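One structure below.
The values are calculated or read from the model by the stated rules, or taken from the named source; none is laboratory data. Please read all numbers here as calculations on a predicted model, not as lab measurements. Every residue, glycine as well, gets a Cβ built from its backbone with ideal geometry; the counts of neighbours run over all protein chains shown. Accessible surface areas use protein heavy atoms only, side chains included; no ligands, DNA or RNA. Shrake-Rupley method; radii C 1.70, N 1.55, O 1.52, S 1.80 Å.
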Amino acid sequence: MTASSTIVTKKLFLFFLLISGLYYGKVFLMPFVIGGILATLFLPFCNWMEKKKIPKGIAVFLCFFALFLFLSGLIALLSWKISEVMNDITLLKDKAIDTVVYIQKYIYSHFNISIEEQYKILKEEKPSYSNMVQMLLSSLAITLTNLILVTAYFLFLLYYRSHIKQFILKLTAISEQKAMEQVIHKVANVSQQYLIGLSKMIVCLWIMYYIGFSFIGLENALFFAILCGFLEIIPFVGNITGTALTILIAAMHGGNLILLGGIAITYGIVQFIQGWLLEPLMLGPQVKINPLFTIIALVLGELLWGIPGIILAIPLTAMLKIICDHVEALKPYGFLIGEIESKKSTNSSFFKKIKALL
């Protein structure tokens with residue numbers, strides 16, 4: 001009993017040590033992990049170019065150029081649609097002013113605080129413009145620094161991938177090097193599978209949301225379709241947030257109950273197709289984590305690294321699951337994180353047939 005208690009204590013200590021390391025090392029780890037995951041996404045493309053006798057340095061640069069073009073196109077598309085939505089800014093400002101006036105009257109009638117006193121309180125609590133500018137410049141500097149670090153890690157991890165792989169193998173006993181090579185391959189593959197599958201699924205969601213929103217007559221249907229689909233990078237929370245924003249903005253533009261109900265119905269239909277068809281086909285069984293640990297991973301990701309932590313939580317947890325599945329002492333944890341086996345076996349033959357058709 002004493003021995004088992006000691007083992008549990010050691011495991012808990014290691015767990016909290018790991019969590020502390022992730023939290024206090026986020027300045028270094030966050031851009032490193034983002035650069036590493038993006039590098040694994042471009043591994044097949046880089047390997048293909050090198051097989052075509054393209055020098056490694058040029059192949060890595062072309063991977064970076066492809067990533068730059070993709071992100072630039074996505075930002076340009078979002079900016080274009082946002083500019084269209086901002087044409088209705090006058091209506092939104094009027095709604096906001098009406099809301100502020102209503103709140104002021106409510107405070108006056110219930111708390112007996114005059115409008116002049118409310119303005120005085122707000123003025124005293126309002127931060128100075130110099131502090132606001134300083135915070136903005138600080139945020140921009142941090143963002144620019146992280147962007148440069150992510151780019152550097154992306155380029156160098158992609159360039160030195162074979163060197164790093166050989167280093168990891170040299171740390172492993174000769175009898176276990178073959179198994180370690182399989183683990184490295186699967187960890188890199190699960191990241192590729194998640195990001196590529198997620199990208200395909202987001203495109204499908206864009207199409208489905210656009211068809212649904214256009215059918216019910218929602219203005220700026222393409223923008224809201226892109227918004228709802230893009231927020232899928234945050235599981236569970238993202239799609240609900242996108243749909244809630246769509247309903248809120250439609251209501252502020254004077255949408256009737258039929259339109260708002262149509263948005264909710266469209267969301268329900270798309271989520272049904274996504275959960276029962278798109279996710280099993282595009283994400284695959286290796287990336288599947290049960291809903292309980294999906295939520296736990298998202299909460300821990302947000303607590304440790306903020307919004308980037310939410311986005312990185314699922315691929316990192318999937319990588320952790322792969323490692324747990326291949327280390328004998330950690331296999332129970334891999335089983336705990338993964339989905340229930342009976343669900344996989346019931347639907348696997350059906351999805352294999354659909355994949356074969358595709």
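When 58, 296, 314 are compared by accessible surface with a 1.4 Å probe, the order from highest to lowest is 58, 296, 314. Mean separation of Cα pairs under 8 Å and 6 or more residues apart, divided by the residue count, gives the stretch 193-261 a relative contact order of 26 percent. Using the Karplus relation 6.51 cos²θ - 1.76 cosθ + 1.60 with θ = phi - 60°, the per-residue 3J(HN,Hα) values for the stretch 305-320 come to 10, x, 4, x, x, 5, 5, 8, 4, 5, x, 5, 5, 5, 5, 4 Hz, with x marking Gly and Pro. With the convex hull of its Cα atoms as the shape, the stretch 15-56 has an orientation-averaged projected area of 3.9 nm².
Packing-based ranking of 297-306, 142-151 yields 297-306, 142-151, ordered from highest to lowest mean Cβ neighbour count within 10 Å.
Packing, taken as the mean count of other beta carbons within 10 Å per residue, orders the peptides 184-190, 8-14, 227-233, 161-167 from highest to lowest as 227-233, 184-190, 161-167, 8-14. Computed in the context of the full set of protein chains, the accessible area of the stretch 153-302 at 1.4 Å probe radius has 74% of its extent on carbon or sulfur. Taken one residue at a time, the phi angles of the stretch 208-214 give Karplus couplings (6.51, -1.76, 1.60, θ = phi - 60°) of 5, 5, 5, 4, x, 5, 5 Hz. Gly and Pro are set to x.
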